[in-house]
1. Taking the Cα centre of the chain as origin, work out the dipole magnitude from +1 charges on Lys and Arg Cβ and -1 charges on Asp and Glu Cβ, in debye rounded to 20.
2. Rolling a 1.4 angstrom probe over the protein heavy atoms, how many square angstrom per residue are accessible across the chain?
3. Just tell me which aspartates and glutamates come within less than 12 Å, Cα to Cα, of Lys369; anything on the same chain fewer than 8 places away is out.
4. Which distance in nm do the two modelled labels at Val425 and Ile289 give, with both placed 7 Å along the Cα-to-Cβ direction?
5. Output ³J(HN,Hα) for region 400-409: one whole-Hz value per residue in order, computed from phi by the Karplus curve 6.51 cos²θ - 1.76 cosθ + 1.60 with θ = phi - 60°, and x for Gly and Pro.
6. Before rounding to the nearest 500, sum -39500 (n - 2.57) across all DSSP H runs of length at least 4 in the chain and divide by the residue total; then give [θ] at 222 nm in deg cm²/dmol.
7. As I understand it, the dipole of the chain uses +1 on the Cβ of Lys and Arg and -1 on the Cβ of Asp and Glu, about the Cα centre. Which of Ile545, Leu386, Ser462 lies farthest toward its positive end?
8. So what does the Cα-only Debye profile of region 418-529 read at q = 0.15, 0.19 Å⁻¹, as log10 I(q)/I(0), no solvent term?
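The values are calculated or read from the model by the stated rules, or taken from the named source; none is laboratory data. Predicted model only: the values in this text are computed from it and were never measured. In this analysis, Cβ positions are derived from the backbone assuming ideal geometry, glycine residues included, and neighbour counts consider all displayed protein chains. SASA here: full protein model, heavy atoms, side chains in, ligands and nucleic acids out. Shrake-Rupley method; radii C 1.70, N 1.55, O 1.52, S 1.80 Å.
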Amino acid sequence: MRGDWKTIKSLIPYLWDYRWRIFVALSFLITAKLANVGVPLLMKEIVDALSPTNALLTMPVFLLIAYGVLRLSSTLFAELRDVVFAKVAQNSIRRAALEVFRHLHDLSLRFHLDRQTGGVSRDIERGTRGIENLLRFALFSIIPTLFEMVLVGVILIRKYNVWFAVITLGALIFYITLTVLVTEWRTQFRRSMNELDSKANSRAIDSLLNYETVKYFNNEDFEARRYDENLRRLEQATVKSQTSLGFLNAAQATTIAAAVTGLMVLAAHGVVAGSMTVGDLVLVNVLLIQLYIPLNFLGVIYREIKQSLADMEKMFRLLRENREVADSPNAHPLRLDGASIRFEHVSFGYDPRRQILFDVSFEVPAGKKVAVVGTSGAGKSTLARLLFRFYDVTGGRILINGQDLRDVTQASLRRGIGIVPQDTVLFNDTLWYNIAYGRPEASDDEIISAAKSAHIYDFIQSLPDKFQAQVGERGLKLSGGEKQRVAIARTLLKSPAILIFDEATSALDSRTEKSIQMELLEIALNRTTLVIAHRLSTIIDADQILVIEHGRIVERGNHRALLELDGIYATMWAMQQQEDFEQEPALAAFPSPVAVAKQAV
């Protein structure tokens with residue numbers, strides 16, 4: 001219960017800006033309920049006025065007109081309530097979803113590496129739907145029903161025997177208590193259903209995103225079995241939820257039937273005894289029908305409210321996720337005057353139990369190029385992630401133009417850095433959209449110029465849809481070289497002062513690598529550049545080369561100096577030269593894969 005109130009409290013700020021609309025909507029709601037309760041009171045007067053003894057004297061025209069007005073008012077004010085409140089609900093949903101979406105982008109890379117996209121998207125979807133359901137059911141069902149219950153109780157006590165109120169309110173209390181207790185018990189099944197539904201959805205999305213891998217290993221049946229395992233557990237939880245719902249509905253119907261029967265017996269006895277008129281019998285009957293019709297749905301409404309709160313709590317829990325990397329209160333925009341980079345005694349580990357970098361120090365002077373090489377897992381790519389401030393260092397500091405990254409805003413920092421990664425992931429959109437993503441506000445001429453500079457313009461023009469060609473999920477419709485050129489184009493469009501090449505050509509064949517390498521050299525000209533390299537032939541022009549082993553810099557110097565040192569770098573160079581020599585005859589025998597891909601397009 002405390003968690004429910006906490007969730008409701010999280011929703012209040014989104015509603016507060018529209019408090020006047022909420023007040024007007026509640027006023028219309030109360031007016032509609034007063035009109036609704038007034039209908040059976042007028043019905044009693046009309047029935048009594050039309051009794052054989054009174055009907056000969058006068059026709060109750062005024063009462064009939066008033067009855068029509070009340071009927072109209074009940075519906076009219078309910079509709080006006082919806083008209084006034086619609087903007088409140090939809091605006092709250094939009095703002096909450098937007099805040100969660102923004103917060104997810106503000107969370108650290110660690111969170112996104114651990115998350116499952118399908119599960120998170122379901123949490124947001126159900127959470128926003130939960131806000132709408134909570135507002136609709138709580139404000140327009142629970143509150144008016146409780147208000148109507150009080151009005152009916154007052155009418156029965158003032159006009160009739162106290163037992164009418166005792167039976168009515170007693171049945172209501174029993175009904176509500178039964179509904180709350182059983183629904184609380186059933187909530188565990190619903191929560192289990194949500195968890196299993198998210199897990200099944202995540203499993204399906206993960207499998208479909210890795211469609212090629214599934215095919216490569218002929219694991220369709222294996223994936224189907226894993227998916228079915230989740231669906232089977234979801235089925236069991238759903239069956240438990242639905243069967244328990246059947247028992248609850250039966251108990252609720254029994255309670256209502258018993259109460260209505262008791263009240264009608266009392267009313268009939270009063271009519272026979274002469275203490276009540278036929279109009280009173282009609283009044284009691286209509287009041288109970290009006291009261292119990294919404295009460296019939298109380299169980300459903302309560303369940304929906306509880307489910308909405310559970311869904312909202314899961315969505316708002318995302319907002320409570322620790323950002324881990326956040327701007328300091330006094331953070332200022334990064335000043336980029338030349339853009340020199342300095343790592344000072346930097347230490348870091350993704351997990352406190354396993355350190356990745358140990359006392360790393362080096363400098364990239366403004367406009368110079370520094371390359372980092374080393375074996376897989378040595379900590380090379382971690383340097384780029386720290387420079388982007390996806391994580392904060394656990395020791396030492398990183399400076400750009402003498403400014404500690406922790407003292408500048410993340411937005412200004414990342415605005416000044418461009419990256420061409422090893423594995424370029426594109427949006428499932430057009431080539432134009434993916435290039436323009438480097439700077440969405442860029443003009444058409446600037447986007448076309450970036451494509452030409454990245455040497456992908458001619459390829460784009462050869463396509464039937466040109467810039468409007470779809471690249472597919474993660475850019476799978478393009479070859480590796482074409483994707484890298486798109487990455488280069490959007491980095492050029494961003495025009496950053498600092499460039500990072502994170503093994504930008506290691507996934508490409510040698511021929512494609514050499515052609516793209518020239519483009520990388522062009523865009524790095526006069527920019528501060530950090531190159532994380534796998535192939536040493538791509539960084540022989542670097543002003544300084546750092547060799548990292550097990551998180552420590554073990555050698556540093558330019559290409560010639562490191563070869564003369566005859567250490568780790570010289571050994572790596574000799575091995576790669578041997579590999580290139582052995583591959584040259586094979587490469588000469590086959591056409592370029594990029595050329596083949598372009599012919600296919």
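1. Taking the Cα centre of the chain as origin, the dipole is about 2080 debye.
2. Result: 52 Å² of accessible area for each residue.
3. Candidates past the 8-residue exclusion: Asp541, Asp543.
4. 6.0
5. For region 400-409, the Karplus curve yields 10, 6, x, 9, 5, 4, 6, 9, 10, 6 Hz.
6. About -22000 deg cm²/dmol.
7. Checked the options; the winner is Leu386.
8. Each listed q maps to, in turn, -0.57, -0.94.
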